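So the structure is just underneath, and the comments pick up after that.
The values are calculated or read from the model by the stated rules, or taken from the named source; none is laboratory data. Nothing here was measured: the structure is a model prediction, and the numbers come from that model. Here the Cβ positions follow ideal geometry from the backbone for every residue, glycine too, while neighbour counts run over all protein chains shown. What goes into the accessible areas is simple: the full protein's heavy atoms, side chains included, and nothing from ligands, DNA or RNA. Shrake-Rupley method; radii C 1.70, N 1.55, O 1.52, S 1.80 Å.
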Amino acid sequence: MSGVGIFGGSFNPVHLAHLRAAEEVREVEALDEVRFVPAALPPHKEAATLVTAAHRRRMVELAIEGIPGFVLSTAELDRPGPSYSVDTLRVLRTELGEATRIVFIIGRDAFAEFESWKEHAAIFELCDVVVMTRPPAPITLTPNDIPLAARDAFWYDSSSGAFRHRSGHVLKLQRITALDISAASIRARVAAGRSIRFLVPSAVEQYIAAHGLYRQGDASR
């Protein structure tokens, strides 16, 4: 089944675990492309730790350059105000039409906080949702994992192992390769003068060094 994957985040910075996760979801879900959507103003992130949107956009561009099926989307960078996923998905649904499958890709940690997201129940009306999990996290979703406001709209399909929404969209869990890499740990390494080689694409490593990003006391440059 083809479609378009939406992978949002602050990407501060983008790293190899992001890329591998997107590739595994793209492959399993048979997506035509995965759009990386850097947030301009992530509502759930501390602004003090963010480098500028221009830097984060450029690092994503460098990271995915030449990779088939990976595309940069500036939907949130081009829109003023906080970057809410439901707004992005509504614009994309209008752009692509009702017939195109859209898959919203989210980590399990973020999904655990889904109830705090703007109009989170509406997201299930707009697209399929794939929740990524890494060992040793649980490899199943239960009804209790679904935000309360949307829970009654789902039923479990034992034949596919996914939850089906009354809109026809699905909610499923995908186990991905465990790569213990985080943007926070990368920023800490740079601040401490330690190597980030093989944690980020080489072009991103070079960009961070060239622009003096994430150095001690200069995290939001």
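How big, on average over all directions, is the shadow cast by the Cα convex hull of region 149-219, in nm²?
8.3 nm²
What does the net charge come to around Met132 if you take all other residues with beta carbon closer than 10 Å to its beta carbon, with K and R at +1 and D and E at -1?
+1
Can you give the Rg to Rh ratio of region 1-63, both from alpha-carbon atoms, with Rh computed by the Kirkwood formula?
Using Cα coordinates only, the ratio equals 1.01.
Of the heavy-atom accessible surface of region 67-217 (probe 1.4 angstrom), what whole percent is carbon and sulfur?
Taking all protein chains in place, region 67-217 shows 52 percent carbon and sulfur surface.
Which one of Ser182, Ile102, Phe36 is farthest out on the positive end of the charge dipole of the chain, using unit charges on Cβ (Lys, Arg +1; Asp, Glu -1) and the Cα centre as origin?
Value computed over the given set: Ser182.
What is the sum of charges around Gln174, taking Lys and Arg as +1, Asp and Glu as -1, for the other residues whose C-beta is under 9 Å from the C-beta of Gln174?
0
Under the rule that an exposed site lies in a DSSP loop and has at most 13 other Cβ atoms within 10 Å, name the longest stretch of the chain with no GluC sites (Glu not before Pro) of that kind, not counting the sites themselves.
114-221
Taking every pair of alpha-carbon atoms in region 86-202, give the share separated by more than 24 Å as a whole percent.
39 percent
Please give me, ordered by residue number, the chymotrypsin sites (Phe, Trp or Tyr not before Pro) of region 124-221 that lie in loop per DSSP and have at most 13 other Cβ atoms within 10 Å.
Phe198
State the Cα centre-to-centre distance between region 8-41 and region 82-112 in whole Å.
A separation of 13 Å, based on Cα centres.
Of Val60, Val34, Val190, which has the largest mean-square fluctuation in a 10 Å C-alpha GNM of the chain?
Val190
So which trypsin sites (Lys or Arg not before Pro) in region 35-114 end up in coil per DSSP with only 13 or fewer other C-beta atoms within 10 Å?
Within region 35-114, no trypsin sites (Lys or Arg not before Pro) qualify (loop, at most 13 other Cβ atoms within 10 Å).
Assigning unit charges at the beta carbon (Lys, Arg +1; Asp, Glu -1) and nothing else, what dipole magnitude in debye, to the nearest 20, does the chain show about its Cα centre?
Result for the chain is approximately 620 debye, rounded to the nearest 20.
Plugging the Kirkwood radius over Cα pairs into Stokes-Einstein for region 22-153, at a temperature of 20 °C and a viscosity of 1.002 mPa s, what D comes out in µm²/s?
This corresponds to a translational diffusion coefficient of 133 µm²/s.
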